[in-house]
Amino acid sequence: MSTTFASGQPRGSGSPAAAPPAPSPPQLSSTPPVPRLDPRLPAGPLDSAWQRCREGLPLISPANKRKLRVLVVGSGLAGASAAATLAEQGYRVQLVTYHDSPRRAHSVAAQGGINAAKNYAGDGDSIDRLFRDTVKGGDFRAREAGCHRLAEISGAIIDQCVAQGVPFARDYGGTLANRSFGGALVSRTFYARGQTGQQLLYGAYQALMRQVAAGQVELLTRREMVELICVDGVARGVVCRHGLSGALETFTAHAVLLASGGYSNVFYLSTNAVKSNASAIWRAHLKGACFANPCFTQIHPTCIPAGDTWQSKLTLMSESLRNDGRVWLPAQPGDGRPAAAIPEAQRDYFLERQYPTYGNMVPRDVASRRARELCLEGRGVGPGGRGVYLDLAEAIRRDGREAIESRYGNLLEMYARITGEDPLTSPLRIYPAPHYTMGGLWVDYHLMSTIPGLFVLGEANFSEHGANRLGASALMQGLADGYFIAPATVTAWLAGHPQPEVGADHPACRAALAAAEARIAALRPEPGRSPGGRTATDLHRELGLLMIEVCGISRSAPELRRGLAAVEALRQEFGERVRVPDHGPGPDEALERALRLEDFLGLADLMLRDALAREESCGAHFREEFQTPEGEARRDDARFAHIAAWEQREGASPMRHSEPLAFTAMAPSQRNYR
């Protein structure tokens, strides 16, 4: 059910959200987790937990499903697959996306592959090994039950996608081909050259459009969520702003699914699409959905280095290139010779030297940290010394140029177009960049947030990756959530919690609409006065530079405290100086940027608080004060073997709750990739 309101002159007035009090680290609570953080984990053996859970979930008859409406926000892999599957089951589904087509969702940019425990390579892979690699890769900061379920479902995802016609690479005999990714000693990654995300999204898209044609899905494009609607504490809809008309619209349903992606653009420069944002999950957080582990952000080691200050985004070079590419730097600092002029004996293949077992296929957090350390020592290459070499020469000599082009053709072409250099004749220059966020809205085993009726899928939730996601696991998680988990658990929720119809005239809908109008009004200049002196883009760039400096690859208490004070100053400056003129109905990109930045500023504050509170190093969260003599992450399992979940409180600092993590199948140990 939806209703559109002309934007016109907004009703009421408002101001940006009040900034939190002076930055100070929150107190760690020793009390048990609040009841709202019940993860609802199945009891009993892990290997049958999901099957027993699924078989015990209540069902709804096909005739009654036709009476129920589900609203999905986001059209990437998680959102499109969930909408298609729920519609196939008989629900009436509305899908909201700010893109002009679901095919433009950022899932399309994923390159390297998708993991699955099929053991097609015959190298000893199994569900149990994928499960253990995932738990270990996340540095023991994820639920065992969720990681095992992900490994269980992985094979079915490949079957589903093959049935859809996804053109995975195959070997000469026609068997699906595999390659290896970081953090694994087996080849379990299925791929479609360097376009895996695109091909998987097209598979989900065709399933979605089949349901659109059947009348089961209403596709609502160019709508961006600006508020969540809750009725008596239950999520019942959203308020969206239409990107072309500027009109505010309300959409209501019996259950709401957020699949809006991650928040790497808090760093301004990232591998994410420019429009990728955190507004949907942040608005839900402000309504009561706890935010889990916001400081767990991933810096990808293989990206094209930034060119200049005014660049708008960064470009990923797939981790799969590390299968055949060797990462190296000149052995001597300040060696400015071209790569071809540096003899083999004067090259330092530092990942192979430091991690002989895994070599160049160490997890992303490890590879990024080591590359940055050596660049800071003056051994980096390229402009500003912010780059390392990824060299395909040995693989070309071994397998031939044609074989390498067939594996990575589009990636190599993209690199050549951007840099003007041929990666087949000279090494690629790469450098770490923000890429993925393991943090997100807290969800239980059923993917439901702390707001009843609000389910969160894909990168938007904190999920199964712990403190560091292994390569090729994002696509696996998004499709597991959308095709297999949410369709079962959403049905169970609807079966046990019948909800009355809610229309746009409901007081909760009117209140959410008024709140959205007030936010927009607060960003408009007062009549007769000129706009403020700062643009949202300018302020966002400043925020990004700050966040990558104080909360990027490495963090420390003094820098995090400095960051909190600086973010507070930026929030005040945003409220005082960012104003967007009202040009009437129509597209308003400046307003969109300002609304997103307001949410990024709040999220940045929470990320810094979370990083400061977690006094340990784990995975991608590397606190300089907590490291081993070898420079590896040093966890504190006695104090921090838990999921941190933050709750917003009106007029007070955010409150930190915790969900303890229990390990029965694997004893937490120091990660060792050497």
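Would you mind stating whether Glu615 is acidic (Asp, Glu), in a helix (DSSP H, G or I) and touching a residue at least 24 places away in the same chain (Cβ under 8 Å)? Criteria not met by Glu615.
Looking for something among the basic types (Lys, Arg) and open to solvent by 30 Å² or more (accessible area, probe 1.4 Å) - is there at least one such residue anywhere in the range 647-657? Yes, the range 647-657 contains at least one residue that is among the basic types (Lys, Arg) and open to solvent by 30 Å² or more (accessible area, probe 1.4 Å). Of the residues making up the range 385-405, those that are open to solvent by 40 Å² or more (accessible area, probe 1.4 Å) and within 29 Å of the chain's Cα centre (by Cα) number 1. Taken together, Met209, Met225 contain a single residue that is within 19 Å of the chain's Cα centre (by Cα) and either among the basic types (Lys, Arg) or outside the structural domain of Lys313 (by TED's automatic domain parsing) (or both), which is Met225. Of all residues in the range 548-590, those satisfying the criterion of being within 25 Å of the chain's Cα centre (by Cα) and either assigned to a loop (DSSP other than H, G, I, E, B) or over 30 Å from Glu632 (Cβ atoms) (or both) are Cys551, Gly552, Ile553, Ser554, Ser556, Glu568, Leu570, Arg571, Glu589, Ala590. Residues in the range 201-224: is at least one in contact with a Ser or Thr (Cβ under 9 Å, 6 or more places away or on another chain), touching a residue at least 12 places away in the same chain (Cβ under 8 Å), buried (at least 24 other Cβ atoms within 10 Å of the Cβ) and of a type in the set (Val, Ile, Thr)? There is no residue in the range 201-224 that is in contact with a Ser or Thr (Cβ under 9 Å, 6 or more places away or on another chain), touching a residue at least 12 places away in the same chain (Cβ under 8 Å), buried (at least 24 other Cβ atoms within 10 Å of the Cβ) and of a type in the set (Val, Ile, Thr). Checking every residue in the range 359-380 against the condition of being hydroxyl-bearing (Ser, Thr, Tyr), within 27 Å of Ser617 (Cα to Cα) and part of a helix (DSSP H, G or I) gives at least one match. Assess whether Ala488 counts as being open to solvent by 10 Å² or more (accessible area, probe 1.4 Å), assigned by TED's automatic domain parsing to the domain that holds Asn64 and farther than 30 Å from Gly194 by Cα. The answer is yes for Ala488.
Regarding Leu411, is this residue over 30 Å from Ala253 (Cβ atoms), open to solvent by less than 10 Å² (accessible area, probe 1.4 Å) and either without any contact (Cβ under 8 Å) to a residue 24 or more places away in the chain or part of a strand (DSSP E or B) (or both)? No, not satisfied.
Table: residues versus (1) closer than 21 Å to Glu659 by Cα; (2) in contact with a strand residue (DSSP E or B) (Cβ under 6 Å, 6 or more places away or on another chain); (3) of a type in the set (Lys, Arg).
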{"residue": "Asp582", "(1), (2), (3)": "no, no, no"}
{"residue": "Arg596", "(1), (2), (3)": "no, no, yes"}
{"residue": "Leu603", "(1), (2), (3)": "yes, no, no"}
{"residue": "Glu616", "(1), (2), (3)": "yes, no, no"}
{"residue": "Gly631", "(1), (2), (3)": "no, no, no"}
{"residue": "Ile643", "(1), (2), (3)": "yes, yes, no"}
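The values are calculated or read from the model by the stated rules, or taken from the named source; none is laboratory data. Since we're looking at a predicted model, the values are computed, not measured. All Cβ positions, even for glycine, are placed from backbone atoms using ideal geometry, and neighbour counts span all protein chains on display. Heavy atoms of the whole protein, side chains included, go into the accessibility calculation; ligands, DNA and RNA do not. Shrake-Rupley method; radii C 1.70, N 1.55, O 1.52, S 1.80 Å.
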